[in-house]
Amino acid sequence: MHGRFLASGFDGASMGEIARAAGVSKGTLYVYFDSKEDLFTALVTDECKRTAEACFELDPEAPAEATLRGLSCRYLHAMLEPSHIRTVRMVIGVTEKLPDIGRAYLQAGQETGVRRLSEWLRVKIAQGEFAIEDVEMAAWQFMLGCQGKLIMPMIFGDITLPDATMIRKVVDHTVYSFMSAFACPPREAWLAPQPAQLPDGADSGAASADNPSRNVG
């Protein structure tokens, strides 16, 4: 039912046609949905929730980089599904007239993903693996980094599916950028001895542990 109704477009099917496609009576549909708008919202929301549940299963005990790489791959492949691209286009098309549908789509999809990723990041921050001031903003940054290069052109008319090489390039860049911005150094690096930091203008040959001959008594 999801596929048939969403593929037909919001304005392309009546409640009677939808009922026949679903194998139920029109009256049965109206028991659960007051209008076609309500049905469309429910279907879009359900599709987004199922996608979020499939993509955002994040193990807090797994290595951070590998987890982000797996998330990025799953998320990109889900967003690149032709049925998903059609759904996004339909939502954009009806949102001006029916903004509740747009809000429901955003809440069930992207906002759910951001919430789940934020929860995982907070655990990783507590474990000392990340240093992030605004966790929600960082989660949005990661998600938009995943989809911007590949998904946006398809939403606005490009029908060419990116190949595996391009998908891998986007995943690599997105994960590398995120880790570079927010990952803490390994614990071994924290414990390693660091060279003394001299104040500006200080003589680099001043007394130090490595140059005891310059000690001043």
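Just a few scattered comments:
- With eigenvalues of the C-alpha gyration tensor scaled by 5 and rooted, region 60-149, Å: 28, 15, 9
- Under the simplified labelling scheme, the Glu119-Ser180 pair shows an inter-label distance of 3.1 nm, with each label point 7 Å from Cα along Cα→Cβ.
- Nearest-10 value in Å² for the accessible area of Arg122, using the 1.4 Å probe: 120 Å²
- Residue order for Ile132, Ile159 - accessible surface, 1.4 angstrom probe, largest first: Ile159, Ile132
- Label-to-label distance, Glu96 versus Asp46, with points set 7 angstrom from Cα along the beta-carbon direction: 3.0 nm.
- Here the Debye sum runs over all C-alpha atoms of region 131-170 as equal scatterers in vacuum, and log10 of I(q)/I(0) at q = 0.28, 0.31 Å⁻¹ comes out as -0.93, -1.02.
- Taking all protein chains together and a 1.4 Å probe, the residues Ser72, Ser177 rank Ser177, Ser72 from largest to smallest accessible area.
- Square roots of five times the Cα gyration tensor eigenvalues for region 41-113, Å: 26, 12, 9
- Across region 168-175, computed HN-Hα scalar couplings (Karplus, 6.51 cos²θ - 1.76 cosθ + 1.60, θ = phi - 60°) run 5, 4, 5, 4, 4, 5, 5, 5 Hz from first to last residue, x flagging Gly and Pro.
The values are calculated or read from the model by the stated rules, or taken from the named source; none is laboratory data. This is a predicted model, so every value here is computed, not measured. In this analysis, Cβ positions are derived from the backbone assuming ideal geometry, glycine residues included, and neighbour counts consider all displayed protein chains. These area figures cover heavy atoms from the full protein model, side chains too; ligands, DNA and RNA do not enter into them. Shrake-Rupley method; radii C 1.70, N 1.55, O 1.52, S 1.80 Å.
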